[in-house]
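The values are calculated or read from the model by the stated rules, or taken from the named source; none is laboratory data. Worth saying up front: this structure is predicted, and the values here are computed from it rather than measured. Cβ sites come from the backbone with ideal geometry, for glycine too, and all protein chains shown count toward neighbours. In case anyone asks, the SASA skips ligands and DNA or RNA and just uses the protein heavy atoms, side chains included. Shrake-Rupley method; radii C 1.70, N 1.55, O 1.52, S 1.80 Å.
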Amino acid sequence: MVAELSPKLIAEVQRAAELLAVQSRICILTGAGVSAESGIPTFRDKQTGLWEQYRAEDLASPNAFARDPRLVWSWYQWRRQLVHDKKPNPAHHTLAQWQQDAIENKKSFTLITQNVDDLHEQAGSMTTHLHGHLWRNRCHDCGTPYPNKAETLDSNKKSINFDDSLISCQQCSGYIRPDIVWFGEALPVQAWQTAENAAASCDVFISIGTSSLVYPAAGLAQLAQQNGAKVIEINPNPTPNTIVDITLAANAGVVLPLLMQKMAALT
Ligand code: APR
């Protein structure tokens, strides 16, 4: 909780609030760290159980799927079981409230995520997903969604079948795969365009819960700064992101509510 924050860090949160209170165009990039306090392991957390022998990077790729589609599909079914009962944490709720306030005050607020879970949406955020959606599937060969969107976006995920048998596409008999961007695959064009435009035109770019290791997402902070934005990073651990103006080295679920409180006190 806030008690875990040092006076120095609280002063940095105050400085961030004073910067944000006078700006009207905010761009947020989140990574797996924003869902960590909801109980979802981050991407580079060590894998557990049966999957301990595998690195996520070795499963989330077209080559891995071509080599052993059943293994990759099983891994995603396992991840869905891991995620399906997890709920948004204060970080998600704070970002959703902030976005709502921005809309009401006719300010610009864009939320971009690298995450494939839907916890931002569950908290009420409108979100741009750069790396796809864990709860959506499509044919690996012809791209046809599977099943139709309504069923896939079933809000009661408990009814989703976690069976790990491979499914064949009804259009072309290719294998069904998660609608997720794998290593070596292109990002969704519209999502990337939205992210680039928001980063290039914001006054403040906030990177939350990402190791800033994977491009092109990791390059958005630099694009923002090149266009005159200030950069804030919220992460309990250091990252290779060297262009940060304010570092808030603590858990997002603790820092974000405090940041909102301090911003509210300034308006
Ligand atoms: N609050 C904020 N940050 C946190 C928290 C927390 N409570 N807990 C952990 N973190 C930070 C970690 O310190 C780490 O820097 O979250 C970051 C998670 O980093 P990764 O596991 O690398 O996840 P991410 O940055 O989202 O990965 C980016 O890489 O593998 C691809 O497509 C995958 O979207 C993923 C992308």
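Take every DSSP beta bridge whose two residues both sit in the range 118-267, then give the antiparallel share in percent to the nearest 5.
50
Name the residue, out of 116, 34, 244, whose mean-square fluctuation peaks in a Gaussian network model built on the chain with Cα pairs under 10 Å.
Fluctuation is largest for 244.
So for the pair residue 104, residue 225, with labels modelled 7 Å out along Cα→Cβ, what separation do we get in nm?
Each label point lies 7 Å from its Cα, and together they span 3.4 nm.
Using the Kirkwood radius over C-alpha pairs as Rh, can you work out the diffusion coefficient of the chain via Stokes-Einstein at 10 °C, viscosity 1.306 mPa s, in µm² per second?
Rounded, D is 82 µm²/s.
Looking only at the chain, where both bridge partners belong to it, what percent of the DSSP beta bridges are antiparallel (to the nearest 5)?
30
Hey, what's the chain come to in accessible area per residue, 1.4 Å probe, Å²?
Value for the chain: 48 Å² per residue.
Can you tell me the length gained on complete extension of the stretch residue 163 to residue 186, counting 0.36 nm per residue apart and subtracting the Cα distance?
Going from the current span to full extension adds 5.5 nm.
Taking the alpha-carbon centroid of each part, what is the distance from the range 164-220 to the range 83-136 in angstrom?
Cα centroid to Cα centroid, the span is 15 Å.
Using a 1.4 Å probe over the heavy atoms of the protein chains, calculate the carbon and sulfur portion of the accessible area of the chain as a whole percent.
Whole-percent figure for carbon plus sulfur exposure: 51.
In a shell of Cβ-Cβ distance under 14 Å around residue 120, excluding residue 120 itself, what net charge do Lys and Arg (+1) and Asp and Glu (-1) give?
Computed value for this residue: -2.
For the chain, what number of Lys pairs, 8 or more residues apart or on separate chains, have alpha-carbon atoms under 22 Å from each other?
For the chain, qualifying lysine pairs total 17.
Give the ranking of 126, 263 by solvent-accessible surface, highest area first, calculated with a 1.4 Å probe.
I get 126, 263, largest accessible area first.
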